[in-house]
Amino acid sequence: MKSIKSFIVIGLLAVSFASQAQKIAFIQLDSILSIMPEMVQAKKASADHYKELEGTLTAMQKELNDKLADYQSHEKDYTDLIKQTKQKELQDINQRIQDFQVQAQTDFQKKNDELTRPINEKAKKAIEKVAKAKGYKMVLDSSAGGVLFSEPADDIFSAVKAELGVK
């Protein structure tokens with residue numbers, strides 16, 4: 001008898017939860033970000049920064065190659081002390097290049113984050129505004145691959161695009 005009562009209570013709870021279904025929408029966040037004009041500007045600024053870092057790295061590598069070529073062409077004329085000094089100099093330049101590559105990667109990622117963070121926040125605010133206006137309790141990012149099924153009517157891409165004023 002106790003198990004029948006438990007079964008009935010569980011059944012009533014399930015019906016109660018089903019009647020209060022949450023309204024869920026989805027959007028491809030990557031797609032909305034890619035059509036925002038600010039993202040085009042951010043990508044250009046990011047590319048310019050990358051070219052600047054790349055130019056510095058190229059100059060450092062040229063310096064190493066030039067000094068290495070000079071060392072190799074005059075090695076037979078150098079005394080042991082000069083050879084050791086030149087080898088140490090080449091090692092130091094090589095180490096500076098390696099350090100720069102690591103620092104440049106970190107710097108590039110930081111700059112990219114600085115450029116895109118406000119754009120992401122703007123898009124998320126627009127998504128939130130549309131979701132609240134349409135009564136959605138949750139919006140999923142379908143570009144992340146987490147959505148296995150969704151109703152086409154619940155895609156709020158067009159509404160967010162309109163909220164952002166993007167054509």
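Pick out the one residue from Val166, Val102 that is assigned to a loop (DSSP other than H, G, I, E, B) and hydrophobic (A, V, I, L, M, F, W, C).
Step by step, each of Val166, Val102 is checked, and only Val166 is assigned to a loop (DSSP other than H, G, I, E, B) and hydrophobic (A, V, I, L, M, F, W, C).
Quick one: which residue in Gln87, Gln95 is modelled with pLDDT of 95 or more and exposed (fewer than 13 other Cβ atoms within 10 Å of the Cβ)?
It is Gln95.
Does any residue of the stretch 119-126 turn out to be of a type in the set (S, T, N, Q) and either at positive phi or modelled with pLDDT of 85 or more (or both)?
Within the stretch 119-126, one or more residues are of a type in the set (S, T, N, Q) and either at positive phi or modelled with pLDDT of 85 or more (or both).
Check Ile97, Ile93, Ile82 and return the single one that is assigned to a helix (DSSP H, G or I) and more than 12 Å from Leu64 (Cα to Cα).
Ile82
Before we move on, is Glu38 in a helix (DSSP H, G or I) and surrounded by 13 or more Cβ atoms within 10 Å (Cβ to Cβ)?
Yes, satisfied.
If Ser46 satisfies all but one of (1) modelled with pLDDT of 95 or more; (2) farther than 30 Å from Asp155 by Cβ; (3) of a type in the set (Gly, Ala, Ser), what's the number of the condition it fails?
With (1) modelled with pLDDT of 95 or more; (2) farther than 30 Å from Asp155 by Cβ; (3) of a type in the set (Gly, Ala, Ser) applied to Ser46, the lone miss is (2).
Could you tell me whether the stretch 27-41 includes any residue that is free of Cβ contacts under 8 Å to residues at least 24 places away in the same chain, more than 30 Å from Phe157 (Cβ to Cβ) and of a type outside the set (D, E, K, R)?
no
Can you pull out the residues in the stretch 56-84 that are surrounded by fewer than 13 Cβ atoms within 10 Å (Cβ to Cβ) and of a type in the set (A, V, I, L, M, F, W, C)?
Ala59, Ala69, Leu81
Give the stretch 76-100 a look and list any residue that's in contact with a Leu (Cβ under 7 Å, 6 or more places away or on another chain) and closer than 26 Å to His49 by Cα, or say none.
Ile93, Asn94, Ile97, Phe100
Just one of the numbered conditions (1) within 30 Å of Ala159 (Cβ to Cβ); (2) assigned to a helix (DSSP H, G or I) is not true of Ala69; which one?
Only one criterion is unmet by Ala69, namely (1).
Could you check, for the stretch 130-137, whether at least one of its residues is closer than 22 Å to Met39 by Cα and modelled with pLDDT of 85 or more?
Taking every residue of the stretch 130-137 in turn, at least one turns out to be closer than 22 Å to Met39 by Cα and modelled with pLDDT of 85 or more.
The values are calculated or read from the model by the stated rules, or taken from the named source; none is laboratory data. For clarity, every value in this text was computed on a predicted model and none was experimentally measured. Every residue, glycine as well, gets a Cβ built from its backbone with ideal geometry; the counts of neighbours run over all protein chains shown.
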